[in-house]
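For reference, the structure is listed below as structure tokens.
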Amino acid sequence: MPVDLNGYWKMISNDNFEEYLKALDVNVAIRKIATLLKPDKDIAHDGDHIIIKTLSTFKNYNMDFYVGKEFEEDLSGVDDRKCMTTITWEGDKLVCVQKGEIEGRGWTHWVEGDELHLVRKHRMVCNENISI
């Protein structure tokens, strides 16, 4: 049975994020702003339907999806691209695979104790965020 991700999660650390953004070719001004932010995650999880809201003082991003169903993800305003995204459960981990102009991208969410973990991946570098 997948873990319940429902809740409001506050970031407590963000490791290797600037290197991750460099690998994505995000411009230096956006990188500098992004590394100063501590976005929160507001997650509503009801069966296979999940809504993840990433909230910050700079920009908010909403992701509304059904586990196991591919959808077009519009990341304009994040890193200005579109991709086909599929999110599945691998045990207790929620795993995202993004297919598009930049291959090898995605992320993994899981809960340990009272902390929500997020690892973003790019074929060149990983970034880990830990939130509670």
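The values are calculated or read from the model by the stated rules, or taken from the named source; none is laboratory data. Since this is a predicted model, take the numbers as computed values, not measurements. With ideal geometry, Cβ positions are generated from the backbone for all residues, glycine too; neighbour counts draw on all protein chains shown. For accessibility, only protein heavy atoms count, side chains too; no ligands or nucleic acids. Shrake-Rupley method; radii C 1.70, N 1.55, O 1.52, S 1.80 Å.
Take the Cα of LYS93, step 7 Å toward its Cβ, do the same at TYR66, and the gap between the two points is 2.6 nm.
So with the 1.4 Å probe, I'd like the accessible area per residue for the chain, rounded to whole Å². Show your work: numbers first, answer last.
On the way: 7400 Å² over 132 residues.
Accessible area per residue, the chain: 56 Å².
Evaluated with a Cβ-only charge set (Lys, Arg +1; Asp, Glu -1), the chain carries a dipole of roughly 460 debye about its Cα centre, given to the nearest 20.
Would you list, by chain and number, the lysines whose Cα falls below 23 Å from the Cα of LYS93, excluding same-chain residues fewer than 8 positions away? The qualifying lysines are LYS10, LYS38, LYS41, LYS53, LYS69, LYS121.
As a length-normalised measure over Cα pairs under 8 Å and 6 or more apart, the relative contact order of segment 7-131 settles at 23 percent. Comparing ASP114, ASP92, ASP42 in a Gaussian network model of the chain where C-alpha atoms under 10 Å apart are linked, the largest mean-square fluctuation is found at ASP114. Considering only ILE43, ASN60, GLY113, the residue lying farthest towards the positive end of the dipole of the chain is ASN60, judged by Cα position with unit charges set on Cβ. Semi-axes of the equivalent ellipsoid of segment 22-72 are 26, 15, 7 Å, computed as sqrt(5λ) over the eigenvalues of the C-alpha gyration tensor in descending order. Out of the total accessible area of the chain (probe 1.4 Å, heavy atoms of protein only), what percent is carbon and sulfur? Of the solvent-accessible surface of the chain, carbon and sulfur hold 52 percent. Each 5 Å bin, from zero up to the one with the longest distance, holds this percent of the alpha carbon pairs of segment 7-131: 2, 10, 20, 27, 24, 13, 4, 0.
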